[in-house]
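The structure appears right after this line, and notes come after that.
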Amino acid sequence: MNFETDLVAHLAGSLQGHLGSAPDVAVVLGSGWAERADTLLSGVERLPLSELEHWPLPKVEGHSPELRLGTVEGRRVLLCGGRVHSYEGWEACELVRGVRSIVKWGTSKILLLNAAGSLRENRPPGSLMPFADHINLGLPNPLASDQSEDGGAHFMDVVDLYEPAWRDALLASRPDLIPGVYAGLPGPSYETPAEVFRLQQMGADAVGMSTIPEALAAKSAGACVMALSMLTNYAAGIGGSRPSHTEVLETAIKHGSAAAEVLAATIQVAPR
Ligand code: HPA
């Protein structure tokens, strides 16, 4: 066993000790999703992340550092606030330690949420985008040998990384949603208009700074993965846009109730 394997196993044991048996679905909350998501759960138990030894703690406003466990229509669901980002200086294994621990605990469905910039004029701020796929343009890979749990490089097939059956079930209940491709960049500066133009040409629909490392780690650990972006702004240069963190948070709050509805629908159709 190497050090990371020990940490993940230790955290999985702590989760079991604090919260009991593993939930059916775990949701990693992104910028702005935390407040509204809370209203979905019944019978909430809270666990501050600071009580979990070696769980990396966030440094950015808009990420609430606690776990909330409750039920949504009879299913046990964990909401995970406090995502950490590569631009805060964390390594890939630290970015995904929480997700790995949750999967090790026994949760097999991982839903990743984020805020992202829209690369398409037909996806205005406030739109919600289920992931069809991603393009990784510099976010660290947790399957590299120095970042994996066991010290091996994992050559994983990532076709259908975002579970098609889960996405199709969501689209059946919410046909208004249009899946798209997420481009992940390390940030923390927003993109230049020239980068945005290239991302559009590459076929990306949204751009953000998270999610991809967690999706890779969760899939590699054997979980079924789904992700959703809230498009909080047009990416830089589109219609003269100059994105700001304030705009991202304000838009997320403004569209919070629509986002909570889509989140509830996504949880409800999670594979059994
Ligand atoms: N670019 C990158 N990340 C983001 C953006 C953006 O425009 N908006 C929210 N997260």
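The values are calculated or read from the model by the stated rules, or taken from the named source; none is laboratory data. Because the structure is predicted, anything quoted here is derived from the model rather than measured. In this analysis, Cβ positions are derived from the backbone assuming ideal geometry, glycine residues included, and neighbour counts consider all displayed protein chains.
Quick notes
- Ser31, sole failed condition from (1) part of a strand (DSSP E or B); (2) closer than 20 Å to Ala264 by Cα; (3) within 16 Å of the ligand (Cβ to nearest atom): (1)
- Out of Thr211, Thr246, one residue alone is among the β-branched types (Val, Ile, Thr) and either on the phi < 0 side of the Ramachandran plot or touching a Cys at 6+ places or on another chain (Cβ under 8 Å) (or both). It is Thr246.
- Residues that are out of contact with any His (no Cβ under 6 Å at 6 or more places or on another chain) and among the aliphatic types (A, V, I, L, M), drawn from segment 135-165: Ile135, Leu137, Leu139, Ala144, Ala153, Met156, Val158, Val159, Leu161, Ala165
- Helices (runs of 4 or more DSSP H) contained in segment 192-272 and holding at least 2 residues away from the ligand (no atom under 16 Å from the Cβ) and surrounded by 20 or more Cβ atoms within 10 Å (Cβ to Cβ): 212-220, 256-268
For (1) exposed (fewer than 13 other Cβ atoms within 10 Å of the Cβ); (2) assigned to a strand (DSSP E or B); (3) touching a Phe, Trp or Tyr at 6+ places or on another chain (Cβ under 6 Å); (4) at pLDDT below 95, each residue gets a yes or a no:
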site: Asp6; (1), (2), (3), (4): yes, no, no, yes
site: Pro23; (1), (2), (3), (4): no, no, no, no
site: Arg36; (1), (2), (3), (4): no, no, no, yes
site: Glu45; (1), (2), (3), (4): no, yes, no, yes
site: Glu53; (1), (2), (3), (4): yes, no, no, yes
site: Glu61; (1), (2), (3), (4): yes, no, no, yes
